[in-house]
Every structure is written in C-alpha cells, then in structure tokens.
Amino acid sequence: MEKPHILLINPWIYDFAAHDLWMKPLGLLYIASVLREEGYKISFIDCLDRYNTELLKLQNLERPKNKKYGSGHFLRTEVRKPDILKDIPRRYCRYGITEEIFIEELKKISHPDAILVTSMMTYWYPGVFRAIEFLKDKFPNTPIILGGIYATLCHDHALNNSGADFVFNGNDINGTLALINKLTGIENQFRYSISELPSPAFDLYQNIDYACISTSFGCPYQCTYCASKLLYPDFIQRKPESVVSEIEYFYQKLGIKNFAFYDDALLVNSDKHIEIILDEVIKLNLYPYFHTPNGIHPRLITASLAQKLFLSGFKTLRLSLETTNKKLQIETGNKVTSEEFEEALKILKTAGFGKDGLGAYIFMGYPGKEKEEVNDSINYVTQKGIRPFLVEYSPIPGTFEWNRMIEKGIIEGNIDPLFHNNSVFLRKFLSWEESDLQKIKAMVRRGQHRA
C-alpha cells in the first residue's frame with residue numbers, strides 16, 4: 001500500500017522589514033526527514049526560497065544577489081497595512097515569492113492527504129493565514145495542521161483565527177506524527193528522540209547556499225525576556241558525532257559551505273560538546289564557514305575554545321552583551337558582566353578574530369532601559385573595536401517580562417500578536433519618538449563603519 005502524500009509549507013513573512021539571515025524552517029525540515037524515513041511521499045513549498053525558479057525569472061536573475069556568506073534580501077512586495085498598524089510610519093510588506101508563483105507551485109502538486117504549515121514569529125501570522133487561505137481554496141477537503149512558534153505561543157489566537165483544522169502546541173515530534181497517522185489512516189507508532197532525529201531535509205531545496213544546524217535544543221538559562229523555556233522546557237544536547245556527520249554530509253554531498261548555528265546555548269558544556277564537534281571538523285579537513293546569528297555567551301569563552309572556533313571556520317561571531325547596565329544585566333538573567341565581555345573579546349582577538357567577524361548584540365526598547373543606556377552600550381561596544389548590532393525588544397507571550405508588563409499595565413494579555421512586533425512595540429507601548437529611533441540607528445551605522 002502506497003504511503004500518504006504530505007505537503008509541507010513555509011509561509012511568507014509579513015512585516016516592516018525582513019532579511020534572509022540564514023533563515024530556514026528547521027523544524028519543518030526535521031519533520032520532512034522523519035516522514036520520508038517512514039516512507040511518506042513529501043512535497044515542499046518554501047515561500048521564502050530566494051532560489052525559486054519563477055521568482056528568479058521575475059527578477060531577471062540567474063541566481064539571488066547574495067552577500068558574502070549566503071545571506072541576502074527577500075523579494076519585497078508592499079501590501080495593505082493592517083488597520084491597527086496604520087499609525088506606524090513604515091511600509092508594510094510581504095517577503096518571499098509572489099502569490100501568483102505560490103498558486104502555480106500548488107498546481108504542480110498532486111492532491112495531498114494532509115498539509116503541514118509552519119509558523120515563526122508570532123507577528124508574522126498574516127503570512128500564515130494567507131497561505132492557509134490559498135491551501136483551503138486549492139485543496140478544500142485536505143486537513144491542514146499548523147505548528148511552529150506562533151502556533152505554540154499564541155495557541156488560542158491560532159485556533160480561533162488561522163483557518164487550520166488542527167493547531168499543534170509544542171515541539172513533540174512524535175505527537176505531530178501521531179496526528180498525521182490518525183488523519184491518514186496509518187498505524188505506525190513513532191518513537192523518535194529529539195536528540196537523535198535524522199538530518200533535516202535540506203536536499204528538498206533545488207539550490208541552497210547555507211544550512212542551519214542545531215547542536216542542542218532549549219537553554220539552561222532563565223532570561224526574563226526569552227521564550228526558549230516555553231518552546232523547549234528541557235535543555236538537550238545532541239551527540240557530537242551526529243552533528244559532525246550532519247555537517248560532513250551537507251558539506252560533501254550537498255556542496256554547502258555556510259552553516260548557521262541555531263542554538264540558544266551553543267557553548268554550554270563546551271569541552272564535552274562543541275569543542276568535540278570542532279575538533280572533528282578540523283580533523284576532517286573541511287573548510288566551512290560557521291555563523292552564530294543567535295548570539296553566544298561571552299562568559300563561556302576560553303582560550304582553548306576560541307582557538308577551535310577560529311581554526312574550524314567561524315566567520316560571524318555575535319556576542320550577547322545586550323546592555324552595559326549592571327543592574328539590568330543581573331535582572332534579565334545574569335548571563336554576562338561587562339568585565340567578562342571584555343575578557344572574551346581579548347581571548348577571541350588573541351585567537352585570531354578581527355573586527356570583521358565580531359559583533360555584539362545591544363537591546364533597544366527593553367522595558368526599563370532608558371535611551372541613554374542604549375547610547376552608552378553602543379558607544380562601549382564601538383570603543384572596544386567591534387560592531388554593535390541592535391536587537392529591538394519584542395514582547396513574547398508567557399515570558400517573565402511579558403507577565404511583568406501586564407502587571408504594570410503596559411500591555412494587556414490578549415493584545416493582537418501584531419503588537420508583538422518590535423517595530424510596533426517601541427512606538428505604541430513605550431512611546432519612543434521616531435526621531436529617537438532614527439538617531440540610535442544612525443549611531444549604530446556609524447559604529448559599524450568605524451569598527
């Protein structure tokens with residue numbers, strides 16, 4: 001008996017700004033691998049695929065205009081701004097392939113037995129809803145399962161508004177697969193461990209410039225603003241040999257050189273984990289380019305680790321500083337002090353890292369953090385000879401900071417997820433003036449240029 005056909009969808013982004021900073025639907029690609037391993041037929045449409053053939057034709061390009069290490073700009077199409085965002089003085093856009101291309105891609109696909117739609121940022125849900133609308137029109141009798149970050153953190157909103165037939169809460173891959181089995185009449189019982197999943201199905205892409213790697217899931221820290229504990233209650237590290245095999249396969253078989261680590265705590269237990277991984281990568285004589293868009297913990301950087309980071313091919317290292325305010329450093333999770341940050345910089349520079357590869361994340365718009373403190377943090381990082389990168393605070397449902405803002409009356413617990421958007425939150429709930437925002441962003445640009 002032929003196994004059922006499952007269609008996997010990564011929807012568009014709807015936002016004021018978006019950039020392909022090594023962005024792929026890693027969870028969906030893991031599910032694709034497991035389903036294929038069990039014999040299912042898989043179809044896949046990524047609305048954010050910059051290599052889509054019809055998209056390239058539309059732009060008169062043979063290949064996307066990439067930056068040095070494979071990142072780049074999505075196609076941007078201005079769309080009608082939601083009424084509740086009318087007073088935000090920025091263009092609201094859809095990022096990714098056109099709707100016409102999506103419709104044509106759906107026409108190529110034989111009727112699926114079930115459809116899986118993923119979701120990322122909570123405030124990107126308009127792209128999710130729009131994709132489901134098209135899917136319902138094309139395959140009206142096919143059950144649609146919605147999962148991912150938005151579906152988990154804003155579960156009730158997704159249940160009531162998305163149009164999906166099922167909304168999956170959490171990251172239990174066995175539970176997701178059990179639901180697929182129930183809907184398709186298959187009696188298999190899945191027993192997959194999150195730490196021992198088959199490699200994500202990056203081969204579903206016809207062309208790809210980078211792969212995303214998670215050597216761990218979750219985080220042992222308790223940062224007040226972070227949703228990691230809500231998405232992954234336990235901190236689980238994969239076996240180093242499994243990660244090495246994955247990197248080697250992507251490098252040798254798929255020709256991928258750029259790898260972005262998605263870990264929230266890449267350096268934890270480094271002597272038993274990431275250092276072993278890097279030792280093996282070096283022994284294999286691979287020459288990848290590694291990147292850490294999620295940021296790493298400066299406190300955990302040692303001379304031995306820094307040397308291995310450099311020799312194995314790390315090209316983009318983002319350090320999670322966030323603020324130089326000692327009080328806020330303690331209140332938000334006590335992950336790093338300014339002294340530890342400076343020591344980490346010294347170690348990394350001694351290992352061979354230069355200013356081009358190093359940067360530090362600075363929070364802007366964090367509740368209780370004054371504009372002057374943002375300026376001070378930017379100046380501090382610039383004076384240390386590395387580039388500052390702004391992280392505009394975005395409120396995340398269920399976090400400690402979210403609950404504290406509700407108690408203080410800054411937000412209401414049932415606000416529309418569109419208000420979670422960092423560009424919106426600063427302006428509507430913290431009353432930042434547009435001129436102040438632009439001054440700080442200009443300061444960051446100058447700091448990046450000088451460093």
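Consider a paramagnetic label point 7 Å from the Cα of residue 245 along Cα→Cβ; state which residues of the range 159-196 have an amide N under 14 Å from it. Correct set: 193, 195-196. Computed as a quarter of the hull surface, the mean projected area of the alpha carbon convex hull for the range 47-100 stands at 4.8 nm². Distances between placed amide hydrogens fall under 5 Å for residue 116 paired with 7, 8, 9, 145, all partners being 5 or more residues away or on another chain. For residue 314, the residues 5 or more places off, or on other chains, whose built amide H falls under 5 Å of its own are 290.
Both radii come from the Cα set of the range 101-223: Rg as radius of gyration, Rh as Kirkwood radius; their ratio Rg/Rh reads 0.97.
Once you have all Cα-Cα distances for the range 209-450, histogram them in 5 Å bins from zero and send the whole-percent values. Calculated P(r), rounded to whole percents: 1, 6, 13, 17, 17, 16, 13, 9, 5, 2, 0, 0. Label separation (residue 41 vs residue 104): 2.4 nm, computed from points 7 Å beyond Cα along the C-beta direction.
Length gained on full extension, residue 287 to residue 77: 71.9 nm, using 0.36 nm per residue less the C-alpha separation.
A cysteine counts as unpartnered when no other cysteine's C-beta lies under 4.7 Å of its own; in the chain this applies to 47, 93, 154, 212, 219. Using Cα-Cα distances under 8 Å and only pairs 6 or more residues apart, what relative contact order does the range 209-450 have, in percent? Worked out over the range 209-450, it gives 17 percent. Pairs over the 21 Å Cα-Cα cut-off, from the set 349/371; 57/253; 24/68; 108/136; 257/315: 349/371; 57/253. Spread over its residues, the convex hull of the C-alpha atoms of the chain is 146 Å³ per residue. Around the amide H of residue 391, modelled in the peptide plane, lie the amide H atoms of 362, 363, 364, all under 5 Å away and 5 or more residues distant in sequence or on another chain. Between residue 169 and residue 234, the modelled label-to-label distance comes to 2.0 nm, taking each label 7 Å out from Cα in the direction of the beta carbon. Extension gain for residue 372-residue 86 works out to 100.1 nm (0.36 nm per residue, less the C-alpha to C-alpha distance).
What separates the Cα centres of the range 195-219 and the range 399-413 is a distance of 35 Å.
Looking at the range 380-451, which GluC sites (Glu not before Pro) are in a loop (DSSP not H, G, I, E or B) and have at most 13 other Cβ atoms within 10 Å?
412, 433
The gain in end-to-end length when the residue 2 to residue 195 segment is fully stretched comes to 66.5 nm, 0.36 nm per residue minus the alpha carbon separation.
The distance between label points at residue 17 and residue 68 comes to 2.1 nm (points 7 Å beyond Cα on the Cα→Cβ vector). The 3J(HN,Hα) values that the Karplus relation (6.51, -1.76, 1.60; θ = phi - 60°) gives for the range 407-417 are, in residue order, 4, 7, x, 6, 9, 9, x, 9, 5, 4, x Hz. Gly and Pro appear as x.
Relative to one another, the C-alpha centroids of the range 326-350 and the range 143-193 are positioned 40 Å apart. Residue by residue, the range 71-83 carries 3J(HN,Hα) couplings of 7, x, 8, 7, 5, 10, 10, 5, 10, 5, 6, x, 4 Hz when phi is fed to the Karplus relation 6.51 cos²θ - 1.76 cosθ + 1.60 (θ = phi - 60°); x denotes Gly or Pro. Each principal axis of the Cα atoms in the range 5-184 has its own extent, and those three values, largest first, are 45, 39, 31 angstrom. In sequence order, the range 379-393 has phi-based couplings of 4, 4, 5, 4, 5, 7, x, 10, 8, x, 10, 6, 10, 6, 4 Hz under the Karplus curve 6.51 cos²θ - 1.76 cosθ + 1.60, θ = phi - 60°, and Gly or Pro positions carry x.
Read the figures in this text as sums done on the coordinates, not as results from a lab. Please read all numbers here as calculations on a predicted model, not as lab measurements. Heads up, the Cβs are rebuilt from the backbone with ideal geometry, glycines too, and the neighbour counts pull from every protein chain shown.
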